[in-house]
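What follows is a single structure, written as structure tokens, with notes after it.
Each value in this text was obtained by applying a stated rule to the coordinates, not by laboratory testing. Just so it is clear, the structure is predicted and the values come from calculations on it, not from any experiment. Here the Cβ positions follow ideal geometry from the backbone for every residue, glycine too, while neighbour counts run over all protein chains shown.
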Amino acid sequence: MAVLPAHVLFGAAYYHEYTPDYDPELRPDERLKTDLDLMAEANFTVIRVGESVWSTWEPENGRFDLDWLQPVLDGAHERGISVILGTPTYAVPPWLARQYPEITGERRTGERIGWGARQEVDFTHPAFRFHAERIIRKIVARYAGHPAVIGWQVDNEPGLHLFHNHGVFQRFVDHLRAKYGDVETLNREWGLVYWSHRLSTWADLWTPDGNEQPQYDVAWREFQARQVTEFIGWQADIVREYALDGQFVTTCISYTRQGVADDELSARLDIASGNPYYDMQDGLLLPDPTPDEHEQRWKTTGVWSMYQTADWMFSSRQEPFLVTETNANSIGFAWDNRPGYDGQWRQAAWAHVARGARMIEYWQWQTLRFGAETYWGGVLPHSGQPGRTYAELARLGAEFAKAGPLVAGLEPDADVSLVYSTPSKWLMQKHPPLATPDGSPDPAAYHRIFDPFYRGAFESGRQVRIVHARQLNEGMTPEEMVRRHPVLVVPALYIADDATLDRLAAYAHAGGHLVLGPRTGYADHEARARHEKAPGRLTEAAGVSYDEFSNLAHGIPVQSVGPLRLPEGATATHWADALTVTDAEVLAGYRHPHFGNWPAITTRRHGEGRVTCVGTVPDRALARGLAQWLAPSARHGWQDLPDTVTATTGTASDGRRVHLVHNWSWEPARVVAPVDLTDVLTDAPVPAGAELELGAWDVRVLVTADN
């Protein structure tokens, strides 16, 4: 069984093999000693090594050099620094590419990915698997017994490409044959009568390059993600043959990768890990200046989006997680250099810990002097000499050392839970219900619907838990769902089988507050539009139905009706369902001569609970008002917070309540303690009602006072 240290792990990726010439006056062994001493002085407790240099581990086919890492592990262990050792399978050596050109991945059928970057290989190919297994076994057998090694990272940020290689496609056909049995069943389930796509034999199935059939697309994307999950699980199983008791196995996930189903992938591992990168400087400013339409990609902009990524990482296993990479300095490329303001490293790290992070690890220790990421800043700059970033992180390391086990593996609070659907996201990337401002299809449509509900809750001071749709069916009774998720918001759950929709109805009947957003319940498990009026099997519980809907070219003002009180300027955006009330209370309507014929938001009692329908994509004001109605009081208990301040709370392993209060601004702020607290970092008591001062870009870590 994997066992993590009792404290928050804190450190950086360290590639001593990249930097022997950093200081020409120092020998490599002196550079190593200097680096490790600096890490120890900054209270680093972990480094990640080895995952990027297959050509160093195996310079030629069958010739291995395994001893070069020994001094790094020995030196780390001498200083009490733990090590996560990676398998190097994401960066293929040139000799392997040259000798086995057939392993090259194809972005489209017959269109090979050029060499010179990373992850260019079809990782399902037998020739690749042979060599990958050989190097994995060599490395793990060599170092599993080293006392510094606490865990293993298999591969790195998997799922970059969708592979169209012949062998991959043939396995896809075999998968469909096993799932559907015969082509007539597939014809029926996918509706292949349309446009004359009926198959007469499995050999008729076309390759995915030009496909426009949604049912095919969903199956293809699910199959691709299954290949990634199988590949990572295959590596994890090999590592476990050698790993010692207590050593964990993980991989670092870039959560926006197109080949990743993070909940299924993480189920094959011991702990979920992710690489949250975010814009610093004014990208962390509150009030948030980020436009509603800003698209979040591999890095995020806005405090709310950084928190959302943390909650997404927690959702993978509904457990605490590891941050395997995050900003050390500037991130990205030579044209985008924005290192943080003083204090922002502390803020971001403590924010991730507040949402369940058990490790904060930076990429990377030293800024590279060569390669594609020459200007991706590390803890140390190009000079190799400690500077402002090192000083900021050393301060943070001292705080983690002071806080100790109290903050490791917090169970974060949630006022509202949001249901996430990876298959619905995949479908909407190719067949989006929304358009960009120029009228073209918007591949970010899923998050255009999902994100406003999260952002509105965050900006109203409510904390959010993300739960995958698949996880709702994993053994919880409806009553248990209600206890865990008293408010369950379900936006854009377009693809949903009957059992999932019935379970949502049962949840509301048992006492939960179910909130249905646009596109939820419209299609079945094959992405086929349902025969019933929308929202499908939930129409009776919701007390509304619709079969007409419209995109909105412009925002429409929304006005309150009944108990829902909305702020000035509340607006419907992007979409409007023509909700027809059969047995529900109207909460909000459109101020529009046509769309005013239908309500924007309705609600209905259902059993012991309630079902609320939101027929539009809310803007920030509407989403805030909705969140405040759904959760009238925030669980964290802090009142009258300035608009630059956030409060997040969670439960420590010993049952104590931990509060983290951030000021995301240049202006100092004051807040009032809601209960008797103790400052974790100074041991100073903070009695209920006392004012707490927060400086610019400041964070306070507090714990409920002992009685």
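Here are the numbers for this structure:
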{"item": "Loop-located trypsin sites (Lys or Arg not before Pro) in segment 228-326, at most 14 other Cβ atoms within 10 Å (DSSP)", "result": "ARG297"}
{"item": "Computed [θ] at 222 nm, deg cm²/dmol, the chain (DSSP H ≥ 4; -39,500 (n - 2.57); rounded to nearest 500)", "result": "-9000 deg cm²/dmol"}
{"item": "Other-chain or far-sequence residues with amide H under 5 Å of SER273's (modelled H)", "result": "THR251, ILE253, LEU322"}
{"item": "Calculated from backbone phi, Karplus (6.51, -1.76, 1.60) coupling profile of segment 649-654 in Hz, x at Gly/Pro", "result": "9, x, 10, 6, 4, 8"}
{"item": "Value of relative contact order over segment 556-707, rounded to a whole percent, pairs C-alpha under 8 Å and six or more apart", "result": "17"}
{"item": "Subset of LYS138/LYS402; LYS138/LYS179; LYS179/LYS430; LYS299/LYS430; LYS430/LYS533 violating a 28 Å alpha-carbon distance limit", "result": "LYS138/LYS402; LYS138/LYS179"}
{"item": "For GLU120, residues with placed amide H under 5 Å, excluding near neighbours", "result": "VAL92"}
{"item": "Using a Förster distance of 22 Å, the FRET efficiency for GLU102-HIS175 (Cβ separation, nearest 0.05)", "result": "0.50"}
{"item": "Approximate spin-label separation GLU568-ARG297, in nm, with each point projected 7 Å along Cα-to-Cβ", "result": "3.8"}
{"item": "Protection proxy ranking of 533-541, 393-401 - average other beta-carbon atoms within 10 Å, highest first", "result": "533-541, 393-401"}
{"item": "Where GluC sites (Glu not before Pro) fall in DSSP loop in segment 405-491, at most 13 other Cβ within 10 Å", "result": "GLU474"}
{"item": "Additional length obtainable on full extension of the chain from GLU474 to THR582, 0.36 nm per residue less Cα span", "result": "35.6 nm"}
{"item": "Charge dipole of the chain about the Cα centre (unit charges at C-beta), most positive-ward option of PRO668, THR571, PRO276", "result": "THR571"}
{"item": "3J(HN,Hα) from dihedral phi, segment 143-159, Karplus parametrisation 6.51/-1.76/1.60, rounded to Hz, x for glycine, proline", "result": "10, 4, x, 6, x, 7, 7, 10, x, 10, 9, 8, 6, 6, 6, x, x"}
{"item": "Relative contact order (percent, whole number), the chain, Cα cutoff 8 Å, 6+ residue spacing", "result": "11"}
{"item": "Segment 636-678: relative contact order in percent, alpha carbon pairs under 8 Å with at least 6 residues between", "result": "42"}
{"item": "Distance-filtered residues of segment 662-693 - backbone nitrogen under 20 Å, label point 7 angstrom along ARG395 Cα→Cβ", "result": "662-671, 679-684, 692-693"}
{"item": "Using θ = phi - 60° and Karplus 6.51 cos²θ - 1.76 cosθ + 1.60, couplings along segment 168-177 (whole Hz; Gly, Pro as x)", "result": "5, 5, 5, 5, 4, 4, 4, 4, 5, 4"}
